[in-house]
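The values are calculated or read from the model by the stated rules, or taken from the named source; none is laboratory data. Given the structure is predicted, the values throughout are model-derived calculations rather than measurements. As a convention, Cβ positions derive from the backbone with ideal geometry for all residues, glycine included, and neighbour counts pool all protein chains shown. SASA here: full protein model, heavy atoms, side chains in, ligands and nucleic acids out. Shrake-Rupley method; radii C 1.70, N 1.55, O 1.52, S 1.80 Å.
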Amino acid sequence: MNNDTLIPLIGVVTDIRQDTPDVKTFRVNALEGGKVFEHMPGQCAMLSIPGVGEGMFSITSSPTNKEFMEFSIKKCGCLTTWLHAMDVGQQITIRGPYGNYFPVDTELKGKDLLFIAGGIGLAPLRSVINYVRDKRDDYGDVQIVYGSRSKDDLVDYKEIIDEWTADPNIEVDLTIDNPQEGWDGHVGFVPNYVKELNPSTNKTVLVCGPPIMIKFTLAGLKELGFTETQVYTTMELRMKCGVGKCGRCNIGDKYVCKDGPVFRFDQLDALPDEY
Amino acid sequence: MLKISASNLNALFDRIAEKQTLYIPVDREPNVSEYKKYESGMTMSKALNTVRSAKDFFFPQTENLAEFKVSGKTIEVKDIRKENEDFVVFGVRACDARSFGILDKVFLSEPVDSFYKNRREHGTIVTMACTRPAETCFCTTFGIDPTVPGGDVSVFFDGENYFFLDNTPKGEAFVASVSDMLEDGDASKLAEVQENTRNIMKKLPLSGLSTDSFGGERLMEHFNSDKWAELSESCFGCGTCTFVCPTCQCYDIRDFDTGNGIKRFRCWDSCMYSDFTKMAHGNSRNSQLERFRQRFMHKLVYFPANNNGEFGCVGCGRCLSKCPISMNIVKVMKALEDK
Ligand SMILES: Cc1cc2nc3c(=O)[nH]c(=O)nc-3n(C[C@H](O)[C@H](O)[C@H](O)COP(=O)(O)OP(=O)(O)OC[C@H]3O[C@@H](n4cnc5c(N)ncnc54)[C@H](O)[C@@H]3O)c2cc1C
Ligand code: SF4
Ligand code: SF4
Ligand code: FES
């Protein structure tokens with residue numbers, strides 16, 4: 001019988017990094033080394049510990065990384081608590097990749113890009129950012145605005161400081177919600193910071209974060225003169241199957257697991273406001 | 001047309017059951033029928049349709065997807081699938097036969113669901129033309145002709161004989177396998193029986209119901225209708241309508257620790273339940289209004305939007321007779337349709 005996507009593969013956790021008090025980043029390899037499967041930036045995978053639960057997570061590593069996949073996971077319930085408690089060498093089940101992806105090879109190609117992320121929302125965008133960094137000549141200006149509650153809540157802080165800010169071809173603007181000792185960067189919420197930065201309206205925007213942040217950021221971008229057709233985001237709804245059959249992740253006639261998770265705002269505007 | 005006399009029907013069942021598992025509708029109590037594995041001596045129900053739909057044959061209420069052996073840090077996945085055995089379902093009505101086509105669009109579209117496909121490939125559907133449609137029937141609304149029921153083989157009863165018409169290669173093979181028990185018969189009375197049934201259909205209370213106001217083009221308009229509040233007011237989210245419905249296909253995936261390994265199950269779920277879309281940071285369908293709207297929007301608008309206009313309801317009437325508050329898709333259609 002042919003493979004069935006509902007029957008998972010096995011991956012092994014080869015590295016664990018504590019990024020913030022409640023986010024860890026896990027490196028996953030196939031048992032024989034290398035990646036369990038290939039993906040595109042923005043796609044997701046179902047991870048599970050049998051008997052504990054199964055959950056959808058963005059593949060935060062870039063497809064250009066040929067050695068492993070990475071997942072940044074926030075502890076918030078049964079499965080994620082279990083994942084946070086595991087050690088290197090633990091096997092997990094993995095299936096995917098699921099969903100569409102950011103149009104890195106079509107609509108985004110050649111464009112000036114503005115990435116806007118809040119908290120764990122960096123996870124799907126990090127895949128695109130590193131993809132773009134590895135194919136730098138294919139894109140125009142790259143600007144990254146990233147914010148979290150505090151300095152300690154910035155996911156992938158080390159990579160941001162050591163690699164992204166060190167890269168002369170990228171502008172990185174970080175912010176935290178409230179003043180904090182040892183932080184001399186910007187303080188304030190992401191949507192306000194974006195308005196202050198006043199980015200050029202010829203940029204194409206990729207935004208991801210908590211729903212409330214996305215809402216205010218989009219409103220701010222519109223004030224600056226951006227249109228919905230320039231702005232992409234990823235959606236997060238409850239998922240079980242990942243392939244548009246279990247019936248739970250739809251917004252109108254679109255299944256987020258299959259037709260999404262990446263949507264342009266003009267596409268979302270044509271759908272019921274049920275997310 | 002090939003036929004068998006009513007008095008020989010059980011001999012035919014015995015023959016089929018020699019080679020394959022056979023399921024027929026039988027009465028649990030008068031006029032309450034359910035599919036049962038045929039055993040010699042069982043009588044086929046005369047009830048119009050089974051209480052539960054026939055979807056269980058291909059999409060059972062619970063099924064085992066995989067097994068896992070977890071020891072220390074290692075996990076072993078066991079693929080427990082095996083080729084299904086051939087089986088025959090006899091006496092399926094036109095509405096339920098059509099429902100398989102709707103489920104096919106979900107489960108056989110890429111990526112194909114191998115669990116469903118396996119059963120589908122090994123099942124032969126023998127349908128039975130309706131002669132006494134009920135007040136809750138409205139299959140004709142969806143273009144279904146209950147006198148020409150479809151499936152792999154259609155069976156027609158003229159009061160004395162059962163006539164067999166194969167519709168697919170699988171049906172042809174089935175008829176060939178029992179052809180020595182069938183004889184050529186005069187089917188001229190069938191046209192009259194069919195005409196009779198069609199006339200009854202026309203006089204039924206729901207015969208005028210139309211799908212004209214529905215379909216993918218009307219998505220935002222119907223979604224934003226102010227009728228949903230009143231329609232959903234008394235729905236208490238029991239999920240009965242989704243469980244009896246032959247086309248409802250939502251499912252959940254759950255693990256069960258047997259003490260000797262972990263079994264992963266798929267089981268029916270319902271969009272009418274409050275935890276169906278519940279997430280760590282909120283719920284996209286928080287109120288019963290939103291959940292109720294989802295069920296009917298899916299059948300009347302979203303499904304056709306994704307499937308060339310085909311609706312996700314076959315008019316079997318089960319939700320009409322089973323909802324404890326007497327709410328149903330017909331009332332929804334009447335409330336939303338263009339006046
Ligand atoms: C497309 C997509 C991409 C995602 N990407 C990421 C990512 O990159 N990183 C990340 O950290 N997360 C991501 N998520 C979210 C992630 O899938 C969930 O946080 C995770 O599945 C939670 O699993 P859990 O078992 O820990 O929580 P659960 O134990 O399932 O539940 C968490 C909370 O939800 C509620 N809840 C959930 N289910 C039920 C139920 N059946 N009944 C009652 N209450 C319930 C409970 O209140 C509970 O406290 C993504 C989700 C989607 C859909
Ligand atoms: S919605 Fe009601 S009438 Fe339509 S197929 Fe389902 S149970 Fe039958
Ligand atoms: S059967 Fe009736 S009360 Fe129960 S969920 Fe369906 S519409 Fe609501
Ligand atoms: S997760 Fe099952 S339909 Fe999207």
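Share of Cα-Cα pairs in segment B:216-336 beyond 19 Å, in percent?
Considering segment B:216-336, 52 percent of its Cα-Cα pairs are separated by more than 19 Å.
Given the options A:SER48, A:SER200, A:SER150, state which has the largest fluctuation in a GNM of chain A using a 10 Å cut-off (strictly under) for Cα springs.
Top of the fluctuation ranking is A:SER200.
At 1.4 Å probe size, put B:HIS222, B:HIS281 in order of accessible surface, largest to smallest.
Listed by decreasing accessible area, they come as B:HIS281, B:HIS222.
Give me the accessible area of A:LYS109, 1.4 Å probe, in Å² rounded to the nearest 10.
Counting only protein heavy atoms, the figure is 90 Å².
When ligands, DNA and RNA are left out and all protein chains stay put, how many square angstrom of accessible area per residue does segment B:216-336 have with a 1.4 Å probe?
That works out to 40 Å² per residue.
How many angstrom separate the Cα center of segment B:51-80 from the Cα center of segment A:111-136?
38
Determine how many Å³ per residue the convex hull of the Cα atoms of segment A:225-275 encloses.
Each residue corresponds to 68 Å³ of Cα convex hull volume.
For segment A:241-275 and segment B:97-155, what is the centre-to-centre distance using only Cα atoms, to the nearest Å?
What the calculation gives is 28 Å, centre to centre.
Kirkwood Rh over Cα pairs of segment B:140-198 into Stokes-Einstein at 37 °C, 0.692 mPa s: D in µm²/s?
D, rounded to a whole number, is 262 µm²/s.
Using +1 at the Cβ of each Lys and Arg and -1 at the Cβ of each Asp and Glu in segment B:216-336, identify which of B:TYR302, B:ASN260, B:ASN328 lies farthest towards the dipole's positive end.
Farthest along the dipole direction, towards plus: B:ASN260.
Considering only protein heavy atoms, what per residue accessible area in square angstrom results for segment A:105-152 with a 1.4 angstrom probe?
I get 35 Å² per residue for this part.
Give me the base-10 log of I(q)/I(0) for the protein assembly as shown at each q in 0.05 Å⁻¹, Debye formula, one uniform scatterer per Cα, rounded to two decimals.
Relative scattering, expressed as log10 I(q)/I(0), comes to -0.28.
Computed over the Cα atoms of segment B:271-339, what is the ratio Rg over Rh, Rh following Kirkwood?
Result: Rg/Rh = 1.01.
State, in square angstrom and to the nearest 100, the accessible area buried between chains B and A, both chains counted, probe radius 1.4 Å.
3900
Taking the C-alpha atoms of segment B:52-94, how large are the radius of gyration and the largest Cα-Cα span, Dmax, in Å?
Both quantities, over Cα of segment B:52-94: 16.4, 53 Å.
Would you mind pulling out the separation of the Cα centroids of segment B:235-290 and segment A:44-110, in Å?
With segment B:235-290 and segment A:44-110 each reduced to a Cα centre, they are spaced 24 Å.
What does the structure give for A:236-245 when I average, per residue, the other chain Cβ atoms found within 10 Å of the residue Cβ?
What the average comes to for A:236-245 is 6.
Ranked highest first by the average count of other Cβ atoms within 10 Å around their residues, in what order do B:329-337, A:31-39 fall?
B:329-337, A:31-39
Please give the residues of segment A:2-29, grouped as numeric ranges, whose backbone N is less than 19 Å from a label point set 7 Å along the Cα-to-Cβ vector of B:THR258.
Zone members listed by number: A:7-8.
Once whole DSSP H runs in chain A are found, which of them have Cα atoms spread over 18 Å or more along the helix axis and a mean Kyte-Doolittle score of at least 0.5?
A:211-224
Take the Cα gyration tensor of segment A:9-98, multiply each eigenvalue by 5, square-root it, and list the three semi-axes largest first, rounded to whole angstrom.
Taking √(5λ) for each Cα gyration eigenvalue gives 18, 14, 13 Å.
When the accessible area of segment A:3-150 is computed with all protein chains present and a 1.4 Å probe, what percentage of it is carbon and sulfur?
48
In a shell of Cβ-Cβ distance under 13 Å around B:THR136, excluding B:THR136 itself, what net charge do Lys and Arg (+1) and Asp and Glu (-1) give?
Taking every Cβ under 13 Å from that of B:THR136, the sum is +4.
How big is Rg to Rh over segment A:113-234, alpha-carbon atoms, Rh as the Kirkwood inverse-mean-distance radius?
0.93
Calculate the dipole size of segment A:113-234 relative to its Cα centre from +1 charges on Lys and Arg beta carbons and -1 charges on Asp and Glu beta carbons; express the result in debye to the nearest 20.
440
For A:GLY99, what is the net charge nearby, where nearby means another residue's Cβ is under 9 Å from its Cβ and Lys, Arg count +1, Asp, Glu -1?
Taking every other residue near A:GLY99 into account, the sum is 0.
What is the Cα convex hull volume of chain A when expressed per residue in Å³?
With only Cα atoms used, chain A gives 137 Å³ per residue.
What's the average, rounded to a whole number, of partner chain beta-carbon atoms within 10 Å of each residue's beta-carbon in A:87-94?
For peptide A:87-94, the averaged partner shielding equals 3.
So, for segment A:1-99, what is the accessible surface per residue at a probe of 1.4 Å, expressed in square angstrom?
Averaged over the residues of segment A:1-99, the accessible area is 37 Å².
Below 8 Å, C-alpha to C-alpha, sequence gap of six or more: please give me the relative contact order for segment A:9-98 in percent.
38
Given a cut-off of 37 Å, what percent of all Cα-Cα pairs of chain B lie beyond it?
That fraction is 24 percent.
Please list B:ASP166, B:ASP96 in order of solvent-accessible area, largest first, computed with a 1.4 Å probe with all protein chains present.
B:ASP166, B:ASP96
On the accessible surface of chain B, probed at 1.4 Å, how many percent belong to carbon and sulfur atoms?
Whole-percent figure for carbon plus sulfur exposure: 49.
What percent does the relative contact order of segment B:216-336 come to when contacts are Cα pairs within less than 8 Å and at least six residues apart?
Relative contact order comes out at 32 percent.
Order B:GLU121, A:GLU70 by their accessible area, 1.4 angstrom probe, all chains in place, largest first.
B:GLU121, A:GLU70
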